[in-house]
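The values are calculated or read from the model by the stated rules, or taken from the named source; none is laboratory data. If you're wondering where the values come from, they're calculated on a predicted model, not measured in any experiment. Quick reminder, even Gly has a Cβ in these numbers, built from the backbone with ideal geometry, and neighbours come from all protein chains shown. These accessible areas exclude ligands, DNA and RNA; they are computed on the full protein's heavy atoms, side chains included. Shrake-Rupley method; radii C 1.70, N 1.55, O 1.52, S 1.80 Å.
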Amino acid sequence: MIVHVMVMVALVHVFSMGPLYAADRSSVGKSHVVGSHTQIVSPAQFQRALLNSLNRQFSMSGMALSVDVLFPKRPVTVPKGVINIQVPPDTMNGRMGRRSYRMGLSVNQEFERMVNVVAEVEARMPLVVPVRLIRAHETIDATDVRVVDYSLPTLTQDYVKGPRMVVGKKATRLLPPNRPIQHAFVVEPPVIHKGDRVIIEARHGGLVVQTVGIAKDTGAPGTMITVENQQSKREVMGRVLGPGLVAVLF
């Protein structure tokens with residue numbers, strides 16, 4: 001009887017300790033699995049991915065582009081493997097300022113999750129700006145412009161980067177001071193005016209034929225104007241080659 005009681009006490013003691021021991025093992029094992037099978041994607045990695053994507057899509061010589069990731073502030077946890085961050089193409093003309101992007105995270109070429117990334121984007125580059133108000137049809141002088149380091153509003157505008165691209169040209173619109181000049185805002189000044197006597201030149205192989213004509217339009221080099229052949233009185237279209245010279249086709 002005494003032996004039977006001792007056996008029962010021993011069994012109760014063993015079974016009462018078993019569950020506690022099992023729980024401890026489970027907890028330790030789970031922590032170990034998480035630590036060895038995951039990795040983090042830092043905000044700096046999102047910053048580099050966005051910077052590279054914008055530079056590829058809006059490549060401009062002399063541009064300094066910067067990206068500051070505002071969210072997420074903490075790293076994102078993903079499974080172990082080769083990380084790939086997919087940045088969607090910018091569909092807002094490279095607008096600067098605070099922007100939101102939906103980036104895809106893939107691990108070992110398998111999609112993992114989408115991440116909302118908020119970033120402050122800025123681009124600066126040297127651009128030509130007027131130093132005074134330039135009115136439409138005014139000819140721009142070298143003293144009328146200067147180059148400044150400018151913060152771009154977007155990455156798609158065709159801004160003038162050198163003074164030589166505008167000096168001697170005419171403004172097509174009002175150009176306010178200290179605002180970047182776009183290429184469309186200036187044109188070459190006309191070298192032929194309506195009513196001018198011009199040389200009409202036609203070339204075919206090595207053969208060159210010239211005659212005198214009257215310009216019916218005003219034109220800059222490279223533009224097409226109408227000229228009247230003084231001998232035949234016929235009007236033809238020709239390309240302005242320079243002062244007083246228009247080329248036509250046979």
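Below are the figures for this structure:
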read-out: The stretch 158-184, residues that are in contact (Cβ under 8 Å) with a residue 40 or more places away in the chain and either out of contact with any helix residue (DSSP H, G or I) (no Cβ under 7 Å at 6 or more places or on another chain) or loosely packed, with under 14 Cβ neighbours inside 10 Å (or both); value: LYS161, LEU174, PRO176, PRO177, ASN178, ARG179, PRO180, ILE181
read-out: Matching option when the condition is closer than 21 Å to THR154 by Cα, of a type in the set (Ser, Thr, Tyr) and at pLDDT 50 or above, among SER36, SER53, SER42, SER106; value: SER53
read-out: Contacts under 8 angstrom Cβ, first residue in the stretch 192-216 being closer than 12 Å to THR226 by Cα and among the acidic types (Asp, Glu), partner outside any strand (DSSP E or B) and open to solvent by less than 70 Å² (accessible area, probe 1.4 Å), 6 or more apart; value: ASP196/GLY244
read-out: Test result for ALA247, touching a residue at least 24 places away in the same chain (Cβ under 8 Å) and open to solvent by less than 70 Å² (accessible area, probe 1.4 Å); value: yes
read-out: Hits in the stretch 85-128 (condition: over 21 Å from PHE58 (Cα atoms) and either touching an Asp or Glu at 6+ places or on another chain (Cβ under 7 Å) or open to solvent by 20 Å² or more (accessible area, probe 1.4 Å) (or both)); value: LEU105, SER106, ASN108, GLN109, GLU110, PHE111, GLU112, ARG113, MET114, ASN116
read-out: Failed item, numbered, when LEU155 is tested on (1) open to solvent by 20 Å² or more (accessible area, probe 1.4 Å); (2) hydrophobic (A, V, I, L, M, F, W, C); (3) not in a strand (DSSP E or B); value: (1)
read-out: Filter result for GLU201 (open to solvent by less than 30 Å² (accessible area, probe 1.4 Å) and not hydrophobic (A, V, I, L, M, F, W, C)); value: yes
